[in-house]
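Let me begin by presenting the structure, written as structure tokens, before commenting on it.
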Amino acid sequence: MSSLHGFWELQSNFVAHLHELGCERWSKSDANKLKINVDSAVFAAENAYGSGIVVRDDGRRLIEAFATYVTGDVQPELAEIMGIKEALSWVKRKGIQDVVIESDSLLLIQALDSSIRMPSLFGLMVVECQTLLLSLVNVKICFVKRSANRVAHYVARNFCFWSGCNFVEGSAPAALQTLILVDLAV
């Protein structure tokens, strides 16, 4: 067996193992930690992309939900890393620590965990996110399955025209509140 074949087999096993580790359902964060779910969407017909970011506390209460909407043609992985950068920037602006950020992009999680430098815009954004992570206290980024990230997915897909609007527990649209309540029942 060639060393290249062995590398790809090892990589494939690693990816399968990571995928198995991804949570199936949303779960509340540990005591005194915030959980931020992030998802992104590409709107090809509108030549735009955006991200949905949902912040909840250890009591599962909605702290804040917001979306970004940017004009431009990007690949999905670039939209995903832009969403993570937005979440990390939010954490830094708020000056908080003890945060878990969840994404359903396995590629993104692997890139953030890697020391390999990629000569691309995606690679530059990965380095920016890694640098932001180093400046924050007790913030980690984890992979979860789409089913555990559905509230952020909803925000990314449906709040694109409310970019710049922030919602808190009492002001969130009814559909968002319903999805959060479904997560509470789990």
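The values are calculated or read from the model by the stated rules, or taken from the named source; none is laboratory data. Here the structure is a predicted model, which is why all the values come from computation and not from measurement. All Cβ positions, even for glycine, are placed from backbone atoms using ideal geometry, and neighbour counts span all protein chains on display. The area values use the complete protein model at the heavy-atom level, side chains included, leaving out ligands, DNA and RNA. Shrake-Rupley method; radii C 1.70, N 1.55, O 1.52, S 1.80 Å.
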Quick check: from the Cα gyration tensor, does segment 35-150 come out rounded (a/c under 1.5), prolate or oblate? oblate
Could you go through segment 143-151 in sequence order and give the Karplus-derived ³J(HN,Hα) for each residue, using 6.51 cos²θ - 1.76 cosθ + 1.60 with θ = phi - 60°, rounded to whole Hz, and x for Gly and Pro? 8, 9, 6, 3, 5, 8, 10, 5, 5
The set of residues whose placed amide H lies less than 5 Å from the amide H of Ala48, leaving out same-chain residues fewer than 5 positions away, is Phe43, Gly72
Residue-ordered couplings for segment 110-123, obtained by feeding phi - 60° into the Karplus form 6.51 cos²θ - 1.76 cosθ + 1.60 and rounding to whole Hz (Gly and Pro as x), are 4, 5, 5, 7, 8, 9, 6, 8, 10, x, 7, 4, 4, x
Starting at the first residue of segment 44-60, write each ³J(HN,Hα) from the Karplus equation 6.51 cos²θ - 1.76 cosθ + 1.60 with θ = phi - 60°, in whole Hz, x for Gly and Pro. 4, 5, 9, 6, 8, 8, x, 9, x, 10, 10, 10, 10, 8, 6, x, 6
Long-range HN-HN contacts of Glu64 with modeled amide H, under 5 Å: Val55
Between Thr178 and Gln75, with labels modelled 7 Å along Cα→Cβ, what's the label distance in nm to one decimal, could you check? 3.7
Rounded to a whole number, what % of the accessible area of segment 76-186 do carbon and sulfur atoms account for, probe 1.4 Å? 60
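I need the calculated FRET efficiency for the pair Ser115 and Glu169, taking r as the beta carbon distance and R₀ as 45 Å, to the nearest 0.05. Please report the intermediate quantities before stating the final value.
On the way: r = 40 Å, r/R0 = 0.88.
Efficiency computed from Cβ-Cβ geometry: 0.70.
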Heads up, segment 67-116 by the C-alpha gyration tensor (a ≥ b ≥ c square roots of eigenvalues; a/c under 1.5 rounded, else a/b over b/c prolate, else oblate) looks oblate
